[in-house]
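Asks: Submitted below is the structure of interest, expressed as structure tokens.
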Amino acid sequence: METQADSVADRLNQHYGVQRVPHPKIELFQLRQFISPDLCARLIELIDKDRRPSTIADANGDDYFRTSETCDLSRKDPSVQELEALFFALNGIDPKLGEPVQGQRYAVGQEFKAHTDYFTPGGPDYEQYCSQSGQRTWTFMIYLNEVEAGGATRFKVVGKTFQPETGKLLCWNNARPDGSVNPNTLHHGMKVRKGVKYVITKWYREREWPW
């Protein structure tokens with residue numbers, strides 16, 4: 001029986017321009033120019049309008065673990081609806097399984113230290129964040145602009161680093177083939193050295209999100 005993960009990976013593999021990282025320990029893809037510079041600019045405006053300090057479920061006592069700013073983007077906004085339609089056309093995941101689109105802004109010196117997007121089973125926050133909609137399955141992340149220096153996303157375990165490019169999509173499966181969480185998805189939003197970095201993140205769940 002084909003799982004959601006299989007279906008998504010098959011669609012990505014068949015989509016023109018999608019590149020899969022050739023590594024057996026992770027399902028990790030990139031697609032350049034996924035969204036237009038115009039849509040990127042509109043999303044940046046929305047992030048700047050509503051940004052607030054980022055938070056994290058469990059920073060392990062490190063107040064500087066995630067130092068960016070963030071915001072949840074309204075699904076009623078025409079630019080967000082346009083983006084959601086592009087996501088669905090690419091991945092085929094039922095929109096009901098998606099969390100709200102989130103935007104992030106990284107100024108000089110800001111970063112998100114090495115982390116995974118899933119919630120650790122049995123961890124202190126697992127029950128709180130997964131009891132209703134289940135675990136996070138796929139992550140879809142878009143760079144909205146190029147950065148003068150720094151701001152790359154590093155997947156240390158698989159030895160791959162991605163540089164910000166306007167409109168470029170990264171996406172990965174947060175689980176292994178057996179359905180368990182995949183620690184090889186550990187990634188680091190590295191410090192911006194010069195300029196400002198804007199990012200969109202869309203997470204999907206096992207069950208419907210409580211809109």
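The values are calculated or read from the model by the stated rules, or taken from the named source; none is laboratory data. What you are looking at is a predicted structure, and each value in this text was computed from that prediction instead of being measured. Here the Cβ is made from the backbone with ideal geometry for all residues, glycine too, and neighbour counts use every protein chain on show.
Asks: May I ask you to verify whether residue 20 is surrounded by 12 or more Cβ atoms within 10 Å (Cβ to Cβ) and in contact with a helix residue (DSSP H, G or I) (Cβ under 6 Å, 6 or more places away or on another chain)? If you could, list the steps in order and put the result at the bottom.
Replies: Working: surrounded by 12 or more Cβ atoms within 10 Å (Cβ to Cβ): yes; in contact with a helix residue (DSSP H, G or I) (Cβ under 6 Å, 6 or more places away or on another chain): no.
Criteria not met by residue 20.
Every residue, every condition in (1) among the small types (Gly, Ala, Ser); (2) over 16 Å from the mean Cα position of the chain (by Cα), yes or no:
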site	(1), (2)
4	no, yes
7	yes, yes
10	no, yes
14	no, yes
22	no, yes
25	no, yes
31	no, no
36	yes, yes
40	no, no
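Asks: Restricting attention to the stretch 165-173, does a residue exist that is among the aromatic types (Phe, Trp, Tyr), surrounded by 14 or more Cβ atoms within 10 Å (Cβ to Cβ) and closer than 18 Å to residue 87 by Cα?
Replies: First, the residues of the stretch 165-173 that are among the aromatic types (Phe, Trp, Tyr): 172.
Now narrow it down to the ones that are surrounded by 14 or more Cβ atoms within 10 Å (Cβ to Cβ): 172.
Then drop every residue that is not closer than 18 Å to residue 87 by Cα, which leaves 172.
Yes: one or more hits.
Asks: Filter the stretch 109-137 down to residues that are assigned to a strand (DSSP E or B) and touching an Asp or Glu at 6+ places or on another chain (Cβ under 9 Å) and give me whichever is surrounded by the most Cβ atoms within 10 Å (Cβ to Cβ). Quick ask: steps written out before the conclusion?
Replies: Taking the stretch 109-137 as the starting set, the residues that turn out to be assigned to a strand (DSSP E or B) are 112-115, 136-137.
Checking which are touching an Asp or Glu at 6+ places or on another chain (Cβ under 9 Å) leaves us with 113, 136-137.
Values: 113: 17, 136: 20, 137: 22.
Checked the stretch 109-137; the qualifying residue surrounded by the most Cβ atoms within 10 Å (Cβ to Cβ) is 137.
Asks: Also, I was wondering about something else. Filter the stretch 142-156 for residues that are touching a His at 6+ places or on another chain (Cβ under 9 Å) and in contact (Cβ under 8 Å) with a residue 60 or more places away in the chain and give the result. Please lay out each step first, then the result.
Replies: Start the filter on the stretch 142-156 by keeping residues that are touching a His at 6+ places or on another chain (Cβ under 9 Å), which leaves 152-156.
Answer for the stretch 142-156, where residues must be touching a His at 6+ places or on another chain (Cβ under 9 Å) and in contact (Cβ under 8 Å) with a residue 60 or more places away in the chain: just 155.
Asks: A further question on this structure: I'd like to check something: does the stretch 143-154 contain any residue that is touching a helix residue (DSSP H, G or I) at 6+ places or on another chain (Cβ under 9 Å), under 26 Å from residue 50 (Cα atoms), at pLDDT 95 or above and assigned to a strand (DSSP E or B)?
Replies: If we filter the stretch 143-154 for residues that are touching a helix residue (DSSP H, G or I) at 6+ places or on another chain (Cβ under 9 Å), which is where we start, we get 143-145.
Filter again for under 26 Å from residue 50 (Cα atoms), leaving 143-145.
In the following step, the residues that additionally are at pLDDT 95 or above were identified as 143-145.
Filter again for assigned to a strand (DSSP E or B), leaving 143.
Yes, the stretch 143-154 contains at least one residue that is touching a helix residue (DSSP H, G or I) at 6+ places or on another chain (Cβ under 9 Å), under 26 Å from residue 50 (Cα atoms), at pLDDT 95 or above and assigned to a strand (DSSP E or B).
Asks: Of the numbered conditions (1) over 19 Å from the mean Cα position of the chain (by Cα); (2) exposed (fewer than 13 other Cβ atoms within 10 Å of the Cβ); (3) modelled with pLDDT of 95 or more, residue 77 satisfies every one except a single condition; which is it?
Replies: All conditions pass for residue 77, except number (2).
Asks: What number of residues in the stretch 87-100 are surrounded by 17 or more Cβ atoms within 10 Å (Cβ to Cβ) and either among the hydroxyl-bearing types (Ser, Thr, Tyr) or over 19 Å from residue 208 (Cβ atoms) (or both)?
Replies: Counting residues in the stretch 87-100 that are surrounded by 17 or more Cβ atoms within 10 Å (Cβ to Cβ) and either among the hydroxyl-bearing types (Ser, Thr, Tyr) or over 19 Å from residue 208 (Cβ atoms) (or both) gives 1.
Asks: Just the residues that are of a type in the set (S, T, N, Q) and either under 14 Å from residue 201 (Cα atoms) or touching a strand residue (DSSP E or B) at 6+ places or on another chain (Cβ under 8 Å) (or both), please, taken from the stretch 73-109.
Replies: Selection gives 74, 91, 102, 104.
Asks: Going by what's in this entry, would residue 106 be described as crowded, with 19+ Cβ neighbours inside 10 Å, touching a residue at least 24 places away in the same chain (Cβ under 8 Å), under 25 Å from residue 25 (Cα atoms) and not basic (Lys, Arg)? Outline the logic, then answer.
Replies: Details: crowded, with 19+ Cβ neighbours inside 10 Å: yes; touching a residue at least 24 places away in the same chain (Cβ under 8 Å): yes; under 25 Å from residue 25 (Cα atoms): no; not basic (Lys, Arg): yes.
Against the criterion (crowded, with 19+ Cβ neighbours inside 10 Å, touching a residue at least 24 places away in the same chain (Cβ under 8 Å), under 25 Å from residue 25 (Cα atoms) and not basic (Lys, Arg)), residue 106 does not qualify.
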